[in-house]
1. Answer yes if at least one residue in the stretch A:193-214 is of a type in the set (Lys, Arg) and either in contact with a strand residue (DSSP E or B) (Cβ under 9 Å, 6 or more places away or on another chain) or part of a loop (DSSP other than H, G, I, E, B) (or both), and no otherwise.
2. Which of (1) assigned to a helix (DSSP H, G or I); (2) surrounded by fewer than 17 Cβ atoms within 10 Å (Cβ to Cβ) does residue A:217 not meet, given it meets every other one?
3. From the set of residues in the stretch B:12-35 that are among the charged types (D, E, K, R) and modelled with pLDDT under 95, which is most open to solvent (accessible area, probe 1.4 Å)?
4. Check whether at least one residue in the stretch B:93-105 is within 14 Å of another protein chain (Cβ to nearest Cβ) and away from the ligand (no atom under 16 Å from the Cβ), and report yes or no.
5. Could you grab me the full set of residues in the stretch B:149-159 that are within 13 Å of the ligand (Cβ to nearest atom) and either in contact with an Asp or Glu (Cβ under 9 Å, 6 or more places away or on another chain) or closer than 15 Å to residue B:107 by Cα (or both)?
6. What do you reckon, is residue A:204 modelled with pLDDT of 95 or more, buried (at least 17 other Cβ atoms within 10 Å of the Cβ) and of a type in the set (Lys, Arg)?
7. Looking only at the stretch B:123-148, count how many residues are within 14 Å of the ligand (Cβ to nearest atom) and either more than 8 Å from chain A (Cβ to nearest Cβ) or crowded, with 22+ Cβ neighbours inside 10 Å (or both).
8. Of all residues in the stretch A:136-158, which are assigned to a helix (DSSP H, G or I), open to solvent by 10 Å² or more (accessible area, probe 1.4 Å) and among the hydroxyl-bearing types (Ser, Thr, Tyr)?
Amino acid sequence: MGCAAFARALLELADDHLILGHRLSECCGHAPILEEDLAMPNLALDLIGRARELYSRAGEVEGLGRSEDEFAYLRSEREFLNCLLVERPNRDFAHIMLRQFYFSNFMELYWLRAADSRDATVRGAAAKSVNEMKYHIRHSGEWIVRLGDGTGESARRAAEAVGELQFYIDELFIPSASAEICFETGLLPDRRSMREEWDQRVERVFTMAKLDFPEPVPALTGGRTGRHDECLGHLLAEMQHLQRVYPGAEW
Amino acid sequence: MVNSVSEAQYRAHQAAASVTDPELPFITVEELGILRAVRVEKGIAVARIAPTYSGCPAQAVIELSLVTALNQAGFEGRVERQLEPAWTTDWITPEGCRKLRRHGISPPVQAGKTVCGLFESAANPECPLCGSQQSERVSEFGSTACKAVYRCRSCAEPFEYFKPI
Ligand SMILES: [Zn+2]
């Protein structure tokens with residue numbers, strides 16, 4: 001039971017990283033300026049690299065011999081356990097940066113608390129990720145300020161992104177049954193414990209950006225049980241295409 | 001017996017330690033602080049390395065190069081990953097930092113110390129060309145996962161900065 005819960009909670013975490021990493025990788029070659037075209041694939045690499053490590057560990061813990069590629073390429077939409085925030089489409093640059101800002105602020109707090117996990121892989125991932133997340137937070141945070149406090153159009157788009165992504169915030173802080181067991185057994189931190197600090201951090205930057213902090217709204221959830229928006233199916237269709245058409249292909 | 005074991009150990013270590021980073025071919029895995037240990041057991045040499053930046057594409061090449069180097073030294077080569085203690089840029093040796101500077105890359109300041117608030121850095125990297133501390137960030141992200149792009153305000157030259165992490 002403990003192992004199954006840990007494997008599942010690791011998959012939730014790995015899926016968050018892979019799906020967001022893939023979303024960012026879609027921006028490669030489409031960024032508004034050269035510096036951003038370097039930034040987004042670099043950020044994506046951090047996330048996908050972390051996902052690989054977490055999938056490997058999930059495979060070990062699960063004990064069924066599944067590899068990181070099998071987790072990434074051979075599961076269907078309903079088997080993905082990522083939160084809904086990370087699958088949100090790249091509507092515009094403001095959406096992309098806000099999604100990144102929410103997620104990286106959450107993950108830095110998460111990894112800080114994961115530093116004393118009972119699991120060595122989690123501790124190793126935590127030690128690295130904390131430093132990486134600082135870069136992600138600075139990068140997206142600076143853009144939130146530039147956009148929110150920028151031109152009329154950039155401010156309007158930033159505010160629209162805040163309005164659209166507000167429904168996906170709460171799910172970050174809700175532990176699944178598996179995550180709950182892992183918290184109780186000292187393997188993973190408690191997602192609920194990050195809320196206050198996360199709110200303060202976001203509010204501080206929103207004030208600089210002259211953006212209104214989102215009012216509490218009914219949360220959209222379901223990602224942790226495999227109930228996703230249609231957009232995840234499209235993402236997977238592209239991401240998994242090669243392995244589905246040429247099973248076992250390697251390069 | 002003892003001598004031949006330690007001699008094999010020494011040869012294996014020398015072989016592994018000479019492997020360089022494909023993206024920074026002037027610097028060895030030992031100088032980068034990636035190579036944690038090399039041991040020889042029954043003719044198999046195992047190099048234990050710490051992964052660097054998550055998702056760094058150089059990782060796979062480094063592992064392959066280590067196996068090749070150990071093979072060439074007469075061993076069956078293997079690579080093990082060591083996650084703890086995690087690699088940070090603080091593991092780069094003083095010689096590694098000197099080499100970076102000599103190749104026009106400003107070495108990292110202490111890990112975890114550069115990123116503080118938005119729009120600011122705790123410490124500006126030193127220009128590898130003129131030594132000035134008056135530098136400004138052009139792009140946080142550069143040609144590889146480990147480098148940022150800066151510009152020197154004293155000599156006006158652009159330079160790469162090995163990002164502390
Ligand atoms: Zn200079």
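1. Residues of the stretch A:193-214 of a type in the set (Lys, Arg): A:195, A:201, A:204, A:210.
Right, trim to either in contact with a strand residue (DSSP E or B) (Cβ under 9 Å, 6 or more places away or on another chain) or part of a loop (DSSP other than H, G, I, E, B) (or both) and you get A:210.
Yes, some residue in the stretch A:193-214 is of a type in the set (Lys, Arg) and either in contact with a strand residue (DSSP E or B) (Cβ under 9 Å, 6 or more places away or on another chain) or part of a loop (DSSP other than H, G, I, E, B) (or both).
2. (1)
3. Among them, the one singled out is B:23.
4. No, the conditions are met nowhere in the stretch B:93-105.
5. Within the stretch B:149-159, B:150, B:151, B:152, B:153, B:158, B:159 qualify.
6. no
7. To start, the set of residues in the stretch B:123-148 that are within 14 Å of the ligand (Cβ to nearest atom) comprises B:124-136, B:138.
Imposing the further condition that a residue be either more than 8 Å from chain A (Cβ to nearest Cβ) or crowded, with 22+ Cβ neighbours inside 10 Å (or both) reduces the set to B:124-136.
Residues in the stretch B:123-148 being within 14 Å of the ligand (Cβ to nearest atom) and either more than 8 Å from chain A (Cβ to nearest Cβ) or crowded, with 22+ Cβ neighbours inside 10 Å (or both): 13 in total.
8. Selection gives A:154 alone.
The values are calculated or read from the model by the stated rules, or taken from the named source; none is laboratory data. None of the values given here were measured: they were computed from a predicted structure. Counting neighbours? That spans all protein chains shown, and the Cβs are built from the backbone with ideal geometry, glycine included. The protein model used for the area step is the full one, side chains on, heavy atoms only, and it has no ligands, DNA or RNA in it. Shrake-Rupley method; radii C 1.70, N 1.55, O 1.52, S 1.80 Å.
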